[in-house]
Amino acid sequence: EPYLRGRDIYRYGYQWANLWLIGTFPALRLNIEDYPALKQYFLNNFDIRQLEQSGKKYPNLGFNARAKTQNKWFETQIIATYYTEFSKEKVIWSEIVTKAQFCYDADGFYIEATAFFMTGEHIKYLAGVLNSKAGEFVFKRFYAGGGLGKSGYRYKKIYLLQVPVPPVSTDPIAVQHIEELVDKITEQKKQNLNANTSSLEKEIDQLVYKLYGFSSEEIAYIETYCKAQNV
């Protein structure tokens, strides 16, 4: 399966480095004999004792077996019953960033440990809110992880769960408009990652301000804050 690293994920877009993941999850109940090319790849590139999940030590060989599990030698260490979630539409993002970099994905990418993803309903709407100036401001106000200096912030689940996102029922028409704008931005970023989508993003900003119910004074404060943060 194609996968993205944290460094490959940008605001509303990604740059795939042509990397692939061999997902031999135990939950798939694969028979390695049905995949002779894959079996041969493993055996050509690794000592089978290194792949076995026995926990054995081989100091004379310069390697150890993987940690002991009940999984087969060609399978991953984790069961990963959630692997079907990757094929769903989702929002993906890098863990450590200087500003919000959420990307809508409907192409079934897997991600590695320096990135996160979430699935569910109104995913495009969530991407729009979290990438907006208001969304970023609210996140940083509720953020409990402490700044990382020039490295930015950690967008981990524990912190995102604290962010109050306006319910879809607040204004379904505005939500639909945000989703349409996210579609447009995403399509432009697919064609050119450096495409200037600032005008569309400003439209999202205004819609999100309205959903949060911010006053003109509060909006001015957030705009000033985000400008100082180079958002």
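Take Cys103: with every protein chain present and a 1.4 Å probe, its accessible area is about 0 Å².
When the helices of the chain are scored as -39500 (n - 2.57) per DSSP H run of n ≥ 4 and the total is divided over every residue, the value at 222 nm lands at -11000 deg cm²/dmol. Using a cutoff of 8 angstrom between alpha carbon atoms and counting only pairs six or more residues apart, the relative contact order for the range 1-97 works out to 28 percent.
On a 18 Å Cα-Cα criterion, which of the cross-link pairs Lys133/Lys157; Lys90/Lys190; Lys39/Lys72; Lys184/Lys210; Lys202/Lys227; Lys90/Lys210 come out too long? Working shown, then result.
Numbers: Lys133/Lys157 20 Å; Lys90/Lys190 16 Å; Lys39/Lys72 12 Å; Lys184/Lys210 21 Å; Lys202/Lys227 13 Å; Lys90/Lys210 25 Å.
Going by Cα-Cα distance, Lys133/Lys157; Lys184/Lys210; Lys90/Lys210 fall outside the 18 Å limit.
Projecting the Cα atoms of Gly108, Trp20, Gln206 onto the charge dipole of the chain, computed from C-beta unit charges around the Cα centre, puts Trp20 farthest toward the positive end.
Can you classify the range 95-231 as rounded, prolate or oblate using the Cα gyration tensor, where a ≥ b ≥ c are the square roots of its eigenvalues, rounded means a/c under 1.5, and otherwise it's prolate if a/b beats b/c and oblate if not?
rounded
Relative contact order for the chain: 20 percent, from Cα pairs under 8 Å spaced at least 6 residues apart, divided by residue count.
Where the only charges are on Cβ atoms (+1 Lys, Arg; -1 Asp, Glu), what is the dipole of the range 85-231 about its Cα centre, to the nearest 20 debye?
Computed charge dipole of the range 85-231: roughly 540 debye.
For the range 1-149, the Cβ-based charge dipole about the Cα centre amounts to some 500 debye (Lys, Arg positive; Asp, Glu negative; other atoms uncharged).
The values are calculated or read from the model by the stated rules, or taken from the named source; none is laboratory data. Model, not experiment: these values are computed from the prediction. Methodologically, a virtual Cβ is constructed for each residue, glycine included, from the backbone with ideal geometry; neighbour enumeration extends over all protein chains shown. To get the accessible areas, we keep the full protein, side chains included, count just its heavy atoms, and leave off ligands, DNA and RNA. Shrake-Rupley method; radii C 1.70, N 1.55, O 1.52, S 1.80 Å.
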